[in-house]
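The values are calculated or read from the model by the stated rules, or taken from the named source; none is laboratory data. Model, not experiment: these values are computed from the prediction. Don't worry about glycine lacking a Cβ; one is built from the backbone with ideal geometry, like all the others, and counts go over all protein chains shown. When the accessible area is computed, the model is the full protein with side chains, heavy atoms only, and any ligands, DNA or RNA have been set aside. Shrake-Rupley method; radii C 1.70, N 1.55, O 1.52, S 1.80 Å.
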Amino acid sequence: MFVFQGSLPHRTFKDGVPDAWLFGFSDTGYMDGDLFHSWFTKLFVPNCGRERPVMLVIDNHDSHITLPVVEAAIENDIVLVGLPGHTTHFLQPLDVKV
């Protein structure tokens, strides 16, 4: 997912880009709750396979913990695991096998 600041670029910016890519925008150019929900429902859920439950490790940013995201996770049997604030650089979840 690409997030732009203010608005999406010219209408031809998607020329030659795969349909599976998702684009959004926010006032700041950073992720917000609506953009994360869009990413979660349009990209993550369809691409995480059929086997359930699925675990998604998130960093507890405010944009990741919204009611629509939690409801979508429950509906799709996805377990959201939030890391404690300001600890992802210590825990390094991608460097460890589960």
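Using a probe of 1.4 Å on the protein chains alone, the accessible area found for L83 is around 30 Å².
Stretched out straight at 0.36 nm per residue, the stretch from R11 to N76 would grow longer than its current Cα-Cα span by 20.1 nm. Taking all protein chains together and a 1.4 Å probe, the residues W39, W21 rank W21, W39 from largest to smallest accessible area. Legend: calculated FRET efficiency, C48 to L83, from the Cβ-Cβ distance at R0 = 22 Å, rounded to 0.05, equals 0.70.
Normalised by the number of residues in the chain, the average gap of Cα pairs under 8 Å and 6 or more apart makes the relative contact order 24 percent. Loop-located GluC sites (Glu not before Pro) across segment 32-98 with a Cβ neighbour count of 13 or fewer within 10 Å are E51, with loop assigned by DSSP.
Ignoring ligands, DNA and RNA, what accessible area per residue does the chain give at 1.4 Å, in Å²?
Per residue, the chain has an accessible area of 74 Å².
Can you give the Kirkwood hydrodynamic radius for segment 1-89, in Å, rounded to one decimal and based on Cα pairs? After inverting the pairwise mean of 1/r, the radius is 14.4 Å. Computed over the chain, the per-residue total of -39500 (n - 2.57) for DSSP H runs of n ≥ 4 gives a 222 nm mean residue ellipticity of -5000 deg cm²/dmol, rounded to 500.
Rolling a 1.4 Å probe across all protein chains gives S26 an accessible area of roughly 10 Å².
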